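Trainee: One structure coming up, written as structure tokens, with questions to follow.
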Ligand code: FES
């Protein structure tokens, strides 16, 4: 596995993302929840630019009324083409986890952010 520098930590504020090219593939790096999450910018539905869509929390039931709302942790990206939603930490589609998009390990060293890709 090779390590690819994609940004410095000061270039990527909390809840921001960048889209970079790593070995010919477009990969988005999200800075959320104090960590960095790398996801292929490719939607498995119809090849849309998944990671250019909005980021939100997860849809959760809120007892006692069990109304549905989004939680506070921004970890779901919505594809701008047809609104399929994927968890940026696991790559899984939030409705059907048999659909996944590739995710990649990240590392931070000396204020530089790296994506690990083989
Ligand atoms: S291409 Fe992403 S939802 Fe259709």
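Trainee: So how many residues does the stretch 52-71 have that are surrounded by 12 or more Cβ atoms within 10 Å (Cβ to Cβ) and outside any strand (DSSP E or B)?
Mentor: Result for the stretch 52-71: 6.
Trainee: Go through the stretch 77-93 and report how many residues are within 13 Å of the ligand (Cβ to nearest atom) and in contact with a helix residue (DSSP H, G or I) (Cβ under 9 Å, 6 or more places away or on another chain). Working first, answer last.
Mentor: Restricting attention to the stretch 77-93, the residues satisfying the condition of being within 13 Å of the ligand (Cβ to nearest atom) are 77-86, 93.
Okay, now just the ones that are also in contact with a helix residue (DSSP H, G or I) (Cβ under 9 Å, 6 or more places away or on another chain), so 77-81, 84, 86.
Total satisfying the criteria: 7.
Trainee: Select, from 70, 36, 42, the only residue that is in contact with a strand residue (DSSP E or B) (Cβ under 9 Å, 6 or more places away or on another chain) and modelled with pLDDT under 95.
Mentor: Details: 36 fails: modelled with pLDDT under 95; 42 fails: modelled with pLDDT under 95.
On inspection, the qualifying residue turns out to be 70.
Trainee: Can you pull out every residue in the stretch 52-71 that is touching a residue at least 24 places away in the same chain (Cβ under 8 Å) and more than 16 Å from the ligand (Cβ to nearest atom)?
Mentor: Result: 58, 59.
Trainee: Of 14, 105, which residue is modelled with pLDDT of 95 or more and more than 16 Å from the ligand (Cβ to nearest atom)? Write out each step before concluding.
Mentor: Details: 14 fails: modelled with pLDDT of 95 or more.
When all the criteria are applied, what remains is 105.
Trainee: Go through the stretch 45-66 and give me each residue that's at pLDDT 95 or above and at positive phi.
Mentor: 47 - this is the single residue of the stretch 45-66 that is at pLDDT 95 or above and at positive phi.
Trainee: Take the conditions in a loop (DSSP other than H, G, I, E, B) and either in contact (Cβ under 8 Å) with a residue 24 or more places away in the chain or touching a helix residue (DSSP H, G or I) at 6+ places or on another chain (Cβ under 9 Å) (or both) and apply them to residue 74. Does it pass?
Mentor: The answer is yes for residue 74.
Trainee: Restricting to the stretch 29-51, and then to whatever is surrounded by 19 or more Cβ atoms within 10 Å (Cβ to Cβ) and either more than 16 Å from the ligand (Cβ to nearest atom) or free of Cβ contacts under 8 Å to residues at least 24 places away in the same chain (or both), can you tell me which residue is farthest from residue 105 (Cα to Cα)? Quick ask: steps written out before the conclusion?
Mentor: Of the residues in the stretch 29-51, the ones surrounded by 19 or more Cβ atoms within 10 Å (Cβ to Cβ) are 29-31, 36-41, 43, 50-51.
Checking the rest, the ones that are also either more than 16 Å from the ligand (Cβ to nearest atom) or free of Cβ contacts under 8 Å to residues at least 24 places away in the same chain (or both) come to 29-31, 36-38, 41.
Working: 29: 10, 30: 12, 31: 13, 36: 9, 37: 7, 38: 7, 41: 15 Å.
Per the criteria, the residue is 41.
The values are calculated or read from the model by the stated rules, or taken from the named source; none is laboratory data. This one's a predicted model, so the numbers in the text were calculated from it and none came from an experiment. Reconstructed Cβ throughout: ideal geometry from the backbone, glycine too, with neighbour counts over all protein chains shown.
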